[in-house]
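The values are calculated or read from the model by the stated rules, or taken from the named source; none is laboratory data. Values in this document were obtained by computation on a predicted structure and should not be read as measured data. Using ideal geometry, Cβ is built from the backbone for each residue, glycine included, and neighbour counts are taken over all protein chains shown.
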Amino acid sequence: MVVKRSSKRTIDHVPSRDPVRVPIVLDKRNVATLALRAGRAAKKHREICGLVVDHGAVIRLVETRNKSRRAGSFWIHGGDWKALEKAATLLGSRVIGTFHSHIVSPPVPGPGDIRGAIDGHVMLILDGSSGRLVTWRIRGNRAYRLKHEVRSYFAPKDLPIKRVGP
Ligand SMILES: [Zn+2]
């Protein structure tokens, strides 16, 4: 689906509230930084991970510590998760999912990824070798592909004209 810049949806509406129907909008610089980090980690056979925070008009990926000691796996640090959840709430934002990187496999959720996910959560996977990002939603033990857009969010032309609640 292509969202026109002039459509009401992108200007008057908070586009990320329902990530199934409208593309998730990601900040280009945020994604580029994490793709770089994922690439560096992959060279050490490590994955990076974190939370996906919905700020209304844009969604940001916030890296956490990876508690997993095994190569090529991730376990989001519980304390980091709690702290981020609290900070997001204070900002009127919310955690809508997780992200992690893959070292060699394509950016598709594996059985372990699906098992470990909260039902209904968004799951972004970064390919550590190519930097490619694919967005999924996990529901009923299945992964559904979502659409996303990567924008230079802070360029003036992309600033929302009006924010509507909450
Ligand atoms: Zn995975």
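Hey, among the residues in segment 109-133 that are within 8 Å of the ligand (Cβ to nearest atom) and either surrounded by fewer than 19 Cβ atoms within 10 Å (Cβ to Cβ) or basic (Lys, Arg) (or both), which one's nearest to Ala35 (Cα to Cα)?
Gly110
State yes or no: is Val53 modelled with pLDDT of 95 or more, within 16 Å of the chain's Cα centre (by Cα) and aliphatic (A, V, I, L, M)?
Values: modelled with pLDDT of 95 or more: yes; within 16 Å of the chain's Cα centre (by Cα): yes; aliphatic (A, V, I, L, M): yes.
Yes: the conditions hold for Val53.
Keeping to segment 46-104, report how many residues are touching a strand residue (DSSP E or B) at 6+ places or on another chain (Cβ under 6 Å), away from the ligand (no atom under 16 Å from the Cβ) and part of a loop (DSSP other than H, G, I, E, B).
3
Taking segment 87-104 as the search range and keeping residues that are without any contact (Cβ under 8 Å) to a residue 12 or more places away in the chain and surrounded by fewer than 12 Cβ atoms within 10 Å (Cβ to Cβ), which one is nearest to Asp54 (Cα to Cα)? If you could, list the steps in order and put the result at the bottom.
Taking segment 87-104 as the starting set, the residues that turn out to be without any contact (Cβ under 8 Å) to a residue 12 or more places away in the chain are 87, 89-90.
Then keep just the ones that are surrounded by fewer than 12 Cβ atoms within 10 Å (Cβ to Cβ); that gives 89-90.
Working: Thr89: 10, Leu90: 13 Å.
The qualifying residue nearest to Asp54 (Cα to Cα) is Thr89.
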